[in-house]
Amino acid sequence: MEDLNPFHIAQTQFARATQFVSADAGILGSLIRPFRVTRIEFPVEMDDGTYQVFTGFRVQHNNARGPYKGGIRFHPDVSEDEVKALAAWMTWKTAVVEVPFGGAKGGVICDPKRLSVREKRAITRRYTMQLGNTIGPTVDIPAPDVYTDASTMAWIFDTYDMTHPGSNNLPVVTGKPMELGGSHGRETATARGCIVCVEEAIARGMVDGVKTMADARVVVQGFGNAGSFAAQFAHDGGAKVIGLSDSRGAIMSAAGLDPKAVLAHKQDTGSVVGFPGSSQVSATELMELECDVLIPAALENQITAENAGRIHAKLIAEAANGPTTPAADDQLFQRGVHVIPDILANGGGVTVSYYEWVQNIQDEQWEPEVVDAKLRKKMTRAFHAVFNFAAEKSIDARTAAYALAVDRVARVTAMRGIWP
Ligand code: NAD
């Protein structure tokens, strides 16, 4: 049986890259584990007057290159090991895209689909309160992740601000609403960065028979923040979006789907399923559709040893974190299927989070074009650095991205010296 524990997977990915990094073994040993794991239990009064106890985590993996940074996930399957993996991936991601942050992640075990807005706000406030000073504008800066959004960030900011009066607390979280210190382009940043990577891959000739985005047939798994905008941007570039899915099901249309119309349908009905003119396919069939670009934008472990051989895409761009297992990576690499790894492909989100943080500190708001131009430049540079290194060493892009990232974090660690 394949080991699908996300933290074990993150450690395997790390181990594969270390042979391409010349760093002290002790320093490398310190990078494979998180610096701090916080687990909190807190009661919340539910709408029906009962009390329910929730479990939350904040994992701070590494802060050698800057304050801890990473999203907060609300999902029934959140576990300590999942949050540890996601935190480690943040450390490597911030290093790959070269923003001066470390890596962290948070999560609360809950089912947001069964919670009212008031209950979600109460969970968010109590979780934030109990994290206390382990987060802060120069300490650890949360952001949105699965089933959290700009409203969640507004509540985190408010809770922190109420308990830390007299300071500019806006930089304590990113992904905030525009009216409350958010940045232009943050909501779309993860998808934008992912599509910039796809465009660069096409321009590099990595997708057989596809010369521009307009030639591409694209499938997107997950239709939330990352997935819906990725589908939209691919469509804007002229691509045919032939398959889409969410947690309730998957749809396809060989003629192409209009992501804006699908989004309107999802807003009306709660799912992409039933979109007029589409046919319903199973979640398995969606992943295996004949296409040029597959964008997993949902959860971990979607491409495994079991289904990797049946993936027909020529290019996989990981908008999600951890969608591909190491055994699947091996199979895809052998078959010549290119994978733009998560720590590169979805680095646009943390990049614009960094821009939001800088704007909050400077009390400024940058124009949308400024944010977009900066994001494109950073993503393009990171993309070619990773794929040039992969080509030079004849290795897969994930191992290349890890090697660059681990080298950067290890070098800064040695430069700072181990205290005391
Ligand atoms: P989201 O909550 O906005 O959307 C999640 C989507 O996934 C929803 O449409 C949901 O229906 C769908 N989904 C859930 N389970 C599914 C399943 N089994 N099959 C198909 N679809 C399913 O979350 P998001 O922020 O878009 O995050 C998606 C992924 O992108 C996660 O892996 C997250 O870590 C990653 N990511 C997000 C950001 C960000 O800025 N939001 C940044 C980097 C990486």
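The values are calculated or read from the model by the stated rules, or taken from the named source; none is laboratory data. Since we're looking at a predicted model, the values are computed, not measured. Using ideal geometry, Cβ is built from the backbone for each residue, glycine included, and neighbour counts are taken over all protein chains shown.
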What pairs come up if the first residue lies in segment 254-277 and is more than 23 Å from residue 290 (Cβ to Cβ), the second is charged (D, E, K, R) and more than 13 Å from the ligand (Cβ to nearest atom), and their beta carbons are under 6 Å apart, counting only those six or more places apart or on different chains?
none
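Can residue 20 be described as crowded, with 16+ Cβ neighbours inside 10 Å, in contact (Cβ under 8 Å) with a residue 24 or more places away in the chain, outside any helix (DSSP H, G or I) and in the same structural domain as residue 146 (by TED's automatic domain parsing)?
Criteria not met by residue 20.
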Would you check if there is a residue in segment 277-284 being surrounded by 23 or more Cβ atoms within 10 Å (Cβ to Cβ) and either modelled with pLDDT of 95 or more or over 22 Å from the mean Cα position of the chain (by Cα) (or both)?
no
Output the residue which, of all residues in segment 259-271 that are surrounded by 17 or more Cβ atoms within 10 Å (Cβ to Cβ) and within 19 Å of residue 187 (Cβ to Cβ), is nearest to the ligand (Cβ to nearest atom).
266
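Has segment 376-387 got any residue that is farther than 11 Å from residue 183 by Cα, surrounded by 24 or more Cβ atoms within 10 Å (Cβ to Cβ), at pLDDT 95 or above and touching a Gly at 6+ places or on another chain (Cβ under 8 Å)? Give the derivation first.
Filtering segment 376-387 down to residues farther than 11 Å from residue 183 by Cα leaves 376-387.
With the extra rule that they be surrounded by 24 or more Cβ atoms within 10 Å (Cβ to Cβ), the set shrinks to 379, 382-383, 386.
Narrowing the set further to residues that are at pLDDT 95 or above leaves 379, 382-383, 386.
When the remaining residues are screened for being touching a Gly at 6+ places or on another chain (Cβ under 8 Å), the result is 379, 382.
Yes, segment 376-387 contains a residue that is farther than 11 Å from residue 183 by Cα, surrounded by 24 or more Cβ atoms within 10 Å (Cβ to Cβ), at pLDDT 95 or above and touching a Gly at 6+ places or on another chain (Cβ under 8 Å).
Among 196, 262, which is the only one that is touching a Phe, Trp or Tyr at 6+ places or on another chain (Cβ under 8 Å), under 23 Å from residue 279 (Cβ atoms) and assigned to a helix (DSSP H, G or I)? Quick ask: steps written out before the conclusion?
Working: 196 fails: under 23 Å from residue 279 (Cβ atoms).
From the options 196, 262, the qualifying one is 262.
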Among the residues of segment 231-258, the number that are closer than 17 Å to residue 287 by Cα and more than 9 Å from the ligand (Cβ to nearest atom) is 12
If you go through segment 395-418 one residue at a time, do you hit one that is part of a helix (DSSP H, G or I), under 19 Å from the mean Cα position of the chain (by Cα), among the β-branched types (Val, Ile, Thr) and within 20 Å of residue 195 (Cβ to Cβ)?
no
Restricting to segment 62-101, give me the number of residues that are touching a Phe, Trp or Tyr at 6+ places or on another chain (Cβ under 6 Å), surrounded by fewer than 24 Cβ atoms within 10 Å (Cβ to Cβ) and of a type in the set (Gly, Ala, Ser).
1
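More than 30 Å from residue 377 (Cβ to Cβ) and either touching a Cys at 6+ places or on another chain (Cβ under 6 Å) or not aliphatic (A, V, I, L, M) (or both): is that true of residue 52 in this structure?
Numbers: more than 30 Å from residue 377 (Cβ to Cβ): yes; either touching a Cys at 6+ places or on another chain (Cβ under 6 Å) or not aliphatic (A, V, I, L, M) (or both): yes.
When the stated conditions are applied, residue 52 passes them.
For segment 176-184, state whether one or more residues are crowded, with 22+ Cβ neighbours inside 10 Å, at pLDDT 95 or above, on the phi > 0 side of the Ramachandran plot and not assigned by TED's automatic domain parsing to the domain that holds residue 110. Steps first, answer last, please.
Kept after step one, since they are crowded, with 22+ Cβ neighbours inside 10 Å, are these residues of segment 176-184: 176, 181-183.
Cutting the leftovers down to at pLDDT 95 or above gives us 176, 181-183.
Right, trim to on the phi > 0 side of the Ramachandran plot and you get 181.
Those left that are additionally not assigned by TED's automatic domain parsing to the domain that holds residue 110: 181.
Within segment 176-184, one or more residues are crowded, with 22+ Cβ neighbours inside 10 Å, at pLDDT 95 or above, on the phi > 0 side of the Ramachandran plot and not assigned by TED's automatic domain parsing to the domain that holds residue 110.
Hey, among 363, 329, which residue is at pLDDT 95 or above and at negative phi? Don't jump to the end; show me each part of the working.
Working: 363 fails: at negative phi.
Answer to the selection: 329.
Residues are listed down the side, and each one gets a yes or a no for (1) closer than 20 Å to residue 67 by Cβ; (2) at pLDDT 95 or above; (3) not in a helix (DSSP H, G or I):
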position: 121; (1), (2), (3): no, yes, no
position: 131; (1), (2), (3): yes, yes, no
position: 141; (1), (2), (3): yes, yes, yes
position: 147; (1), (2), (3): no, yes, yes
position: 154; (1), (2), (3): no, yes, no
position: 161; (1), (2), (3): yes, yes, no
position: 168; (1), (2), (3): yes, yes, yes
Consider residue 345 carefully, then state whether it is under 30 Å from residue 138 (Cβ atoms), modelled with pLDDT of 95 or more and either within 14 Å of the ligand (Cβ to nearest atom) or under 10 Å from the mean Cα position of the chain (by Cα) (or both).
yes
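Any idea which residue in segment 215-230 is nearest to the ligand (Cβ to nearest atom), counting only those that are in a helix (DSSP H, G or I) and more than 17 Å from residue 199 (Cβ to Cβ)? Break it down into steps so the answer makes sense when it comes.
We begin by selecting, within segment 215-230, every residue in a helix (DSSP H, G or I); these are 215, 225-230.
Those still in the list that are more than 17 Å from residue 199 (Cβ to Cβ) too: 225, 227-228.
On the way: 225: 4, 227: 6, 228: 7 Å.
Ranking the qualifying residues of segment 215-230, first place goes to 225.
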For segment 199-214, name all the residues that are of a type in the set (Asp, Glu) and outside any loop (DSSP other than H, G, I, E, B).
199, 200
Filter segment 111-165 down to the residues that are more than 16 Å from the ligand (Cβ to nearest atom), out of contact with any strand residue (DSSP E or B) (no Cβ under 8 Å at 6 or more places or on another chain) and of a type in the set (Ser, Thr, Tyr) and list them by number.
116, 128, 138, 159, 163
